[in-house]
Amino acid sequence: MRVLRAAARGAVPWRNGGGVTRSIAAHPEGAGTADFIWRVSLADVGADGPFSGFPGVDRILTVVEGAGMDLTVGGQRRLVDEKFVPQRFPGDAPTDCRLLAGPVVNFNVMYRRGHAAPSVAVVRGDVTIAGPALVVALDAPAHVNGVRLGCYDAVLTEAQPVRVRAEGHTAVVTLPTR
């Protein structure tokens with residue numbers, strides 16, 4: 001089990017200037033946006049505008065702060081206005097964002113098509129997770145095998161089962177076996 005503290009993450013500005021991204025974990029470890037198989041991050045969206053395109057990549061986006069967004073994904077409108085509900089869409093479809101009522105923070109999981117897909121669940125209370133997973137406390141502390149996670153802290157687990165006690169909303173990303 002590896003603890004990944006939020007305070008250790010740097011913010012990387014977007015090319016369009018509309019926000020910043022903080023990478024939590026990627027496979028292979030240290031992979032950039034061009035060569036990841038899966039990537040998990042937090043994005044601060046501060047302005048309306050287009051999302052960056054990621055050819056051959058699918059996204060699972062979860063609003064964790066703010067009122068949400070009105071997205072247009074591949075020409076189809078998609079209202080994303082409920083916190084803690086994962087939303088799937090293609091990362092290579094042209095996507096435009098209009099913020100509903102100010103900035104938002106999104107929890108993002110991206111993965112390459114042709115590889116096993118991760119799954120995302122937002123949990124509360126006590127759960128046991130088997131298999132490799134990334135656990136991220138979203139709005140209140142969580143405990144993983146007794147390790148306390150503050151807001152946006154994460155734990156990367158291996159194959160052994162771990163016990164999670166989530167005081168608030170906590171993301172559990174079940175990762176494909178490597």
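Just so you know, all these numbers are worked out from the coordinates, no wet-lab data involved. What you see is a predicted model, and the numbers here were worked out from it, not measured in a lab. Neighbour counts run over all protein chains shown; Cβ positions are idealised from the backbone, glycine included.
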Handout entry: the stretch 138-158-the stretch 26-51 distance, computed between alpha-carbon centres (Å)
Key = 21 Å
Handout entry: About the Cα centre, charge dipole magnitude for the chain (Lys/Arg +1, Asp/Glu -1 at Cβ), debye
Key = 300 debye
Exercise for the section: Quick one: which residues, 5+ away or cross-chain, put their amide H under 5 Å from the amide H of F51? H built at 1.01 Å from N. Expected result: T95, D96, C97
Handout entry: Cα convex hull of the stretch 10-112, projected area averaged across orientations, nm²
Key = 5.7 nm²
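Over all distinct Cα pairs, what is the inverse of the mean 1/r for the stretch 119-174, reported as the Kirkwood hydrodynamic radius in Å?
10.5 Å
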Fill in the blank from the handout: Any trypsin sites (Lys or Arg not before Pro) in the stretch 5-53 that lie in a DSSP loop and have at most 13 other Cβ atoms within 10 Å would be R5, R15
Exercise for the section: Work out how far the C-alpha atoms of the stretch 44-84 reach from end to end along every principal axis, then list the three figures in whole Å, largest first. Expected result: 28, 17, 17
